[in-house]
1. Would you grab the residues whose amide H sits under 5 Å from the one on residue 100? Only those 5+ places off in sequence or on another chain, please, with H modelled 1.01 Å from N.
2. Distance in nm between label sites at residue 127 and residue 100, each 7 Å beyond Cα in the beta-carbon direction?
3. Using label points projected 7 Å from each Cα along Cα→Cβ, tell me how many nm separate residue 57 and residue 7, to one decimal.
4. In angstroms, what radius of gyration and Dmax does the range 1-125 have, counting Cα atoms only?
5. Just want the ordering: 11, 3, from fewest to most Cβ atoms lying within 10 Å of their own Cβ.
6. With +1 on each Lys and Arg Cβ and -1 on each Asp and Glu Cβ, how big is the dipole of the range 4-177 about its Cα centre, in debye rounded to the nearest 20?
7. Convert each backbone phi in the range 141-148 into a coupling constant with the Karplus relation 6.51 cos²θ - 1.76 cosθ + 1.60 (shift: θ = phi - 60°), then list the ³J(HN,Hα) values in order as whole Hz, x for Gly and Pro.
8. Quick one: compute the contact order of the range 4-177, relative version, from alpha carbon pairs under 8 angstrom and 6+ residues apart, as a percent.
Amino acid sequence: MPSLIDRIENSAVALNSNCLGILDTNVMGYEYVEFTGNGLVTAHHSGFVGIATEQESGHLHVIAELWDGPPPLHLDDWQDAAEISITWPTTIMEIGDEDTHLVLPLPGPATYRLLAHGRNRDDGDVRDDSDPAETYLIQLWPAPVEKPVLHKATSSYGATLRKPEETPKGQRPDWYDTKALGYGTDHPAHGQ
């Protein structure tokens, strides 16, 4: 059974432009990333990883864990959870902005799986102290590169970021192209 190696936590991690940045020590700043795949987490080829946050600015509650293998999957307390592969070039992972960031030491440059969880993602951009904190759990472990996995997607905010699935393309029934009364101008059979 996999074991937890390290765990760090901060309830006041600052964020920048709707994105919780995860950087290695060689990346100078945030990169533009899109969250159309899973609405939660994505990686940029420069070594930057971003987690989409509903808040444009403010503070987040962030927990980061390093495991020696895939951690047990617990999704009940989270709105969204997605897993991606990353290639990390250093032994340090910095999470968040400079003044309030977390530093997670890694065993070395390697490929890792990163499982991001998010909750309180639909509670508004501007929040009072009495509002629930937007919270993220980041779990990391050494692993070969694999396809991304979307484990859970229930937040409305995440849904606005994901690329909509294509409309199903099946066979059209015979009646679809048959001229009949009542077709609107936007129907392919109109005017036949």
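What follows draws every value from the coordinates through simple rules; no lab data is involved. It should be emphasised that the depicted structure is a prediction, and the values quoted were computed from it without experimental measurement. Don't worry about glycine lacking a Cβ; one is built from the backbone with ideal geometry, like all the others, and counts go over all protein chains shown.
1. 14
2. The two pseudo-label positions are separated by 1.0 nm.
3. 3.3
4. Values for the range 1-125 (Cα only, Rg and Dmax): 13.7, 39 Å.
5. 3, 11
6. 640
7. Couplings: 8, x, 6, x, 5, 9, 5, x Hz.
8. For the range 4-177, the relative contact order is 28 percent.
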